[in-house]
Amino acid sequence: MQGREIEIVRGESTRSMPGFAALPAGAERGVVVIHEILGRQPEIDRVIERFAERGYAAVGPDLFHGRRRLACIRQALSMFETGEGPLADGITDARDWLCAEASLSPERVGVIGFCIGGGMALAVAPRFAAVSTNYGDLPKAELLRRSPPILGCYGGRDRLFGRNGPRLEQLVDPLGVSCETHTFPTVGHSFLTDGHHPLMYALSRPLLGIRWDPEVAERGWLEIMAFFDRHL
């Protein structure tokens, strides 16, 4: 299903935030998609369309639009400590837009994030019914106390975040939060999306080992879709 460009009203203000959405007719559940550190990219738009093909209403806010990326990254890192801030508000605004446009209850909406967006997804997890975090950083444990079920996917060749699966499970186990993680040993960072950013990949290869492997990616997507099907 082909998505479309949208504008998301920011709370009760007259300001708006651009994004991309795909809303299949009759959708009974939805997902907010949080982009990587590069901001909105075509591969994230394709993730939204993938969810729509499965019957989910899906939206991806362009959280970095019109702002300096370094400032946005600092705000994201602050979110990992507080769960609050402009980016967290933007994610909530996207959820509210999706609920209004697709006539959904927030109890039927999940959130999925990639790279830095994976950490942001965990930081705002209590605002959603299920959360999928993918090769991102981990927020402060206190933020996950009221978290819904969590699914985490990681690449074993990712030297920065590849061990975060077991760490996440250890983080939430004392909190009684349902959590399952999957680490795929032959891939690194960003293995679930088919982006093309050769310069960034070359510069980050020693640490992140970025490589899209369609076969491994599909295994990861099977886990993600089954997870949301169970919990939304």
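The values are calculated or read from the model by the stated rules, or taken from the named source; none is laboratory data. Owing to the predicted nature of the structure, the values given are computational and were not obtained by experimental measurement. Please note: Cβ atoms are built from the backbone with ideal geometry, for glycine as well, and neighbour counts cover all protein chains shown.
Take LEU104 and tell me if it is over 16 Å from the mean Cα position of the chain (by Cα), of a type in the set (A, V, I, L, M), under 20 Å from PHE228 (Cα atoms) and at pLDDT 95 or above.
Against the criterion (over 16 Å from the mean Cα position of the chain (by Cα), of a type in the set (A, V, I, L, M), under 20 Å from PHE228 (Cα atoms) and at pLDDT 95 or above), LEU104 qualifies.
Looking at (1) under 27 Å from CYS99 (Cβ atoms); (2) under 16 Å from the mean Cα position of the chain (by Cα), find the lone condition where SER178 falls short.
Of everything listed in (1) under 27 Å from CYS99 (Cβ atoms); (2) under 16 Å from the mean Cα position of the chain (by Cα), SER178 misses just condition (2).
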